[in-house]
Amino acid sequence: MTDYAGAIPMYVDRSRVFIDANQPKWIVIHKTAGFHTAQEVANYFATNAEMTSTHYVVGQDGTVVQCVREQDGAGGNCCLEPGHAAFLPEGVNLNLFTISIEHVDPATDNSTPLTDAQKRASFRLIADICERHGIPRRHGDANGGIIGHFELDPISRARCPGNYPWNELWAFLEQGGFMLDIQATRGYFTDLGNNVWRCTKTGYVVGHGILDFYRRYGGDALYGLTYLGLPLSNETPVTGYKGVVLQRFERGVVCWDPGHQVDNPPGSGPAYLMHLDRGPGQDPRIFTLQQQVATLQQQVNTLKQEVDLLKQELDAQELGSGSPAKPTG
Ligand SMILES: [Zn+2]
């Protein structure tokens, strides 16, 4: 068992940690300045003479290894150096108030950018820890939060965690997850401001709640741009449902329906994908085709009736010509 569902357990012996003594208030971010895999770092934590360790190690491939239970204090953030962040209390063992996360960086100066997989794994792990321990999802202060090792030890650890992408982390935590960035849309959208984008190819606008849904949809790649495609309409009111709108995209129909008046897919929020085989989400061209089919069916029925009448007339004529038999001269 690990505290974080996505982690592989590689616990150090509990003789190397502060057992049941941790009351986490801050998350401390580190980089390894060496090593190539998370497992390699975990093995080092299990055996090194200085008894250093962190709770988690995030590999460049996105692997998360847990080395110390969150209830235990790890051996990573012991001692403050002069010039440390003013909000950190002196005279206490900060290992008893922190959960620490290492990130594998083979460069001794921690200059390797996090890989995409590593960044995703790191951000998700941090969000999960914040959630479970009530740690503020922002840069740390006296009330807790997320900090870098350099804030404890600005002299010996000035480059820990080096180039960790702090601004991306804050954006991730603020918006509650990964989402599509306007720059990543490769010119398919322009930003009109006020949380509204216009598609440069189709001219339709996507905004507000549906834009938030679009920017998160699918959870990876280019989100809605990848999985829903371009907008094929603006928001359209759904007849009979107050405040409910739908918007058609190349690959799906999104409904904005916070009250779940039209539908309530399991686990859905205020926006969800509509049924395509029936209801207001159905492609309107299908309704037109269905009407055409009904008209044609009527015409077929009429023709069938005419054929039946003609057959009856024909039968009657054949009977008339066949009898009575006429004498031959
Ligand atoms: Zn460090």
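The values are calculated or read from the model by the stated rules, or taken from the named source; none is laboratory data. This structure is a prediction, so every number in the text was calculated from the model and none was measured. Don't worry about glycine lacking a Cβ; one is built from the backbone with ideal geometry, like all the others, and counts go over all protein chains shown. Each accessible area value is taken on the protein alone, full model and side chains, heavy atoms only, with ligands, DNA and RNA left out. Shrake-Rupley method; radii C 1.70, N 1.55, O 1.52, S 1.80 Å.
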I'd like to check something: does segment 179-194 contain any residue that is of a type in the set (Phe, Trp, Tyr) and either within 16 Å of the ligand (Cβ to nearest atom) or in a helix (DSSP H, G or I) (or both)? no
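If I ask for residues that are away from the ligand (no atom under 14 Å from the Cβ) and either assigned to a strand (DSSP E or B) or touching a strand residue (DSSP E or B) at 6+ places or on another chain (Cβ under 6 Å) (or both), which ones from segment 18-36 would you list? Break it down into steps so the answer makes sense when it comes.
Initially, segment 18-36 is screened for residues away from the ligand (no atom under 14 Å from the Cβ), giving 18-25, 36.
Listed by number, the residues that qualify are Phe18, Ala21, Asn22, Pro24, Lys25.
If you check Glu70 against the conditions, is it in the same structural domain as Arg157 (by TED's automatic domain parsing), in a loop (DSSP other than H, G, I, E, B) and among the charged types (D, E, K, R)?
So Glu70 fits the description; yes.
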Which numbered condition trips up Ser111, out of (1) of a type in the set (Gly, Ala, Ser); (2) surrounded by fewer than 21 Cβ atoms within 10 Å (Cβ to Cβ); (3) more than 16 Å from the ligand (Cβ to nearest atom)? (3)
Going by the structure shown, is Gly73 surrounded by 17 or more Cβ atoms within 10 Å (Cβ to Cβ), among the small types (Gly, Ala, Ser), within 20 Å of Gly145 (Cβ to Cβ) and touching a residue at least 40 places away in the same chain (Cβ under 8 Å)? yes
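Looking at Ile182, Ile286, which is the one that is in contact with a strand residue (DSSP E or B) (Cβ under 6 Å, 6 or more places away or on another chain), modelled with pLDDT under 95 and open to solvent by less than 70 Å² (accessible area, probe 1.4 Å)? Spell out how you get there, then give the answer.
Working: Ile286 fails: in contact with a strand residue (DSSP E or B) (Cβ under 6 Å, 6 or more places away or on another chain).
Going through Ile182, Ile286 in turn, the sole match is Ile182.
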Scanning segment 232-246 residue by residue, those out of contact with any Cys (no Cβ under 8 Å at 6 or more places or on another chain) and not in a loop (DSSP other than H, G, I, E, B) turn out to be Thr236, Pro237
Out of (1) part of a helix (DSSP H, G or I); (2) open to solvent by less than 30 Å² (accessible area, probe 1.4 Å), the odd one out for Gln39 is which? (2)
Which condition from (1) open to solvent by 60 Å² or more (accessible area, probe 1.4 Å); (2) touching a residue at least 40 places away in the same chain (Cβ under 8 Å) is the one that Asn167 breaks? (2)
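Of all residues in segment 104-156, which are aromatic (Phe, Trp, Tyr) and touching a helix residue (DSSP H, G or I) at 6+ places or on another chain (Cβ under 6 Å)? If you could, list the steps in order and put the result at the bottom.
First, pick out the residues of segment 104-156 that are aromatic (Phe, Trp, Tyr): 123, 150.
Of everything in segment 104-156, just one residue is aromatic (Phe, Trp, Tyr) and touching a helix residue (DSSP H, G or I) at 6+ places or on another chain (Cβ under 6 Å), namely Phe123.
Pick out the one residue from Gly229, Gly224 that is part of a loop (DSSP other than H, G, I, E, B) and modelled with pLDDT of 95 or more. Before the answer, list the steps.
On the way: Gly224 fails: part of a loop (DSSP other than H, G, I, E, B).
None of the others qualify; the one that does is Gly229.
Determine whether Ile129 is modelled with pLDDT of 95 or more, among the hydrophobic types (A, V, I, L, M, F, W, C) and outside any helix (DSSP H, G or I). Break it down stepwise before answering.
Details: modelled with pLDDT of 95 or more: yes; among the hydrophobic types (A, V, I, L, M, F, W, C): yes; outside any helix (DSSP H, G or I): no.
In short, no.
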Can you find, within segment 254-313, the residue that is farthest from Asn234 (Cα to Cα) among those that are outside the structural domain of His208 (by TED's automatic domain parsing), part of a loop (DSSP other than H, G, I, E, B) and small (Gly, Ala, Ser)? Gly279
Determine if segment 228-251 includes at least one residue that is under 25 Å from Leu173 (Cα atoms) and touching a residue at least 12 places away in the same chain (Cβ under 8 Å). yes
Those residues of segment 132-159 that are within 16 Å of the ligand (Cβ to nearest atom) and in a strand (DSSP E or B) come to a total of 3
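Check segment 92-100 and report whether any residue there is in a loop (DSSP other than H, G, I, E, B), over 31 Å from the mean Cα position of the chain (by Cα) and away from the ligand (no atom under 14 Å from the Cβ). If you could, list the steps in order and put the result at the bottom.
So in segment 92-100, the residues in a loop (DSSP other than H, G, I, E, B) come out as 92-93, 97.
Filter again for over 31 Å from the mean Cα position of the chain (by Cα), leaving 92-93.
Next cut, away from the ligand (no atom under 14 Å from the Cβ) only: 92-93.
Yes, the conditions are met somewhere in segment 92-100.
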